[in-house]
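Colleague: Take this structure, written in structure tokens, and hold onto it; I'll ask about it next.
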Amino acid sequence: MVETAHPLVQEKFSQGLTYDQYMATIRYGQNEFEGHYRAFQLPPEDARFFQELVRQRGPIRVLAIGEDWCPDVHRGLPVMAHIARAAGLEYRIFPRDKNMDLMDLYLNQGKFMSIPVFAFFDRDWSPLGQWIERPAAANQWMQKTRQELAHLPQQAARDERRRRRAALEAEWRQEIVRELRELLAPALP
């Protein structure tokens, strides 16, 4: 039996916002979204990978869940927008807090409402995979940095983490692409 997307996903997908529609509705983080979008260029070999995925399995639908106040969403949604535009993916974004029914389908570790979420489906609504929150390298960095800065007062530690994180943003955006390629590679023959 072939697995297909949850009926709720199929029912609601067309109601999601395109990237441009989502950007027109956000209240927070406009500069962050725009900065990540401008700073990222999808390498040609990555564009070819996603184009081949669409050629083999297309159309490919990407359901995204996010909120405009989240730094991981500021970074992730623009990367996915570049991928979607380069490969012709059907990319729809749902605000998490207005779509808890969808969020409940994609809880991180079955219990956390981590965002962004990217859930991928082929032309038959067969799930191809899902990616949640941030790259593994970013999680490792965050854990290590919290330990390193544990001796500082809370605000000073937060400020130092932000300063250090800014230097890694380009690497993390590319790491999102690498992880998405790894996730979706089994979908290619």
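Colleague: Using 0.36 nm per residue of separation minus the Cα-Cα distance, give me the extension gain between L183 and E3 in nm, one decimal.
Modeller: 63.1 nm
Colleague: Apply the membrane-span-like helix rule to the chain: whole DSSP H runs, Cα extent along the own long axis of at least 20 Å, mean Kyte-Doolittle hydropathy at least -0.5. List the helices found.
Modeller: 71-87
Colleague: Cut-off is 10 Å between beta-carbons; in what order do D97, D122 appear when sorted fewest neighbours first?
Modeller: D97, D122
Colleague: May I pose another question? Whose amide H sits under 5 Å from the amide H of G129, counting only residues 5 or more places off or on another chain, with H placed in the peptide plane?
Modeller: Distant-sequence amide H within range of G129: F120.
Colleague: Given Cβ point charges of +1 (Lys, Arg) and -1 (Asp, Glu) and nothing else, what value in debye, to the nearest 20, does the dipole of the stretch 100-189 about its Cα centre take? Don't skip to the end; give the middle numbers.
Modeller: Working: 14 positive and 13 negative charges, 98 e Å.
Around 460 debye, computed over the stretch 100-189.
Colleague: Now for a separate question. Which label marks the calculated value of percent of Cα pairs over 32 Å apart, given the options [x] 43; [y] 20; [z] 14?
Modeller: Given [x] 43; [y] 20; [z] 14, the calculated one carries the label [z].
Colleague: In addition: Considering the chain as a Gaussian network with a 10 Å cut-off on Cα pairs, which listed residue, H151, H82, H36, attains the greatest mean-square fluctuation?
Modeller: It is H151.
Colleague: Follow-up question, since we're still on this one. Counting only DSSP beta bridges with both residues in the chain, what percent are antiparallel, rounded to the nearest 5? Write out the running numbers ahead of the final one.
Modeller: Working: 12 of 18 bridges.
DSSP beta bridges in the chain are roughly 65 percent antiparallel.
Colleague: Please give me, ordered by residue number, the trypsin sites (Lys or Arg not before Pro) of the stretch 23-123 that lie in loop per DSSP and have at most 10 other Cβ atoms within 10 Å.
Modeller: Here the trypsin sites (Lys or Arg not before Pro) that fit, given the DSSP loop and packing criteria, are R27, K111.
Colleague: Still on this structure, please answer the following. Separation between the A167 and R38 pseudo-spin-labels, each 7 Å from Cα along Cα→Cβ, expressed in nm?
Modeller: 2.3
Colleague: Treating only the Cβ of Lys, Arg, Asp and Glu as charged (+1, +1, -1, -1), what charge dipole size does the chain show about its Cα centre? Round to the nearest 20 debye.
Modeller: Around 360 debye, computed over the chain.
Colleague: If you don't mind, there's one more thing I want to ask. Give me T25, T145 ranked fewest to most by other Cβ atoms within 10 Å of their Cβ, as a rough exposure proxy. Don't jump to the answer; show the numbers that get you there.
Modeller: Numbers: T25 10, T145 16.
Ranked by crowding around the Cβ, least crowded first: T25, T145.
Colleague: Turning to a different aspect of this structure: If I model a spin label at L107 and R27 as a point 7 Å from the Cα along the Cα→Cβ vector, what separation in nanometres do I get?
Modeller: With each label placed 7 Å out from Cα toward Cβ, I get 2.7 nm.
Colleague: I need the shape label for the stretch 38-78. Rule: rounded when a/c is under 1.5, else prolate if a/b > b/c, else oblate, with a, b, c from the alpha carbon gyration tensor.
Modeller: Numbers: a/c = 4.84, a/b = 1.56, b/c = 3.09.
It comes out oblate by the Cα gyration axes.
Colleague: How do F40, F112 rank when sorted from fewest to most other Cβ atoms within 10 Å of their own Cβ?
Modeller: Values: F40 19, F112 10.
The order, fewest Cβ neighbours first, is F112, F40.
Just so you know, all these numbers are worked out from the coordinates, no wet-lab data involved. What you see is a predicted model, and the numbers here were worked out from it, not measured in a lab. Neighbour counts run over all protein chains shown; Cβ positions are idealised from the backbone, glycine included.
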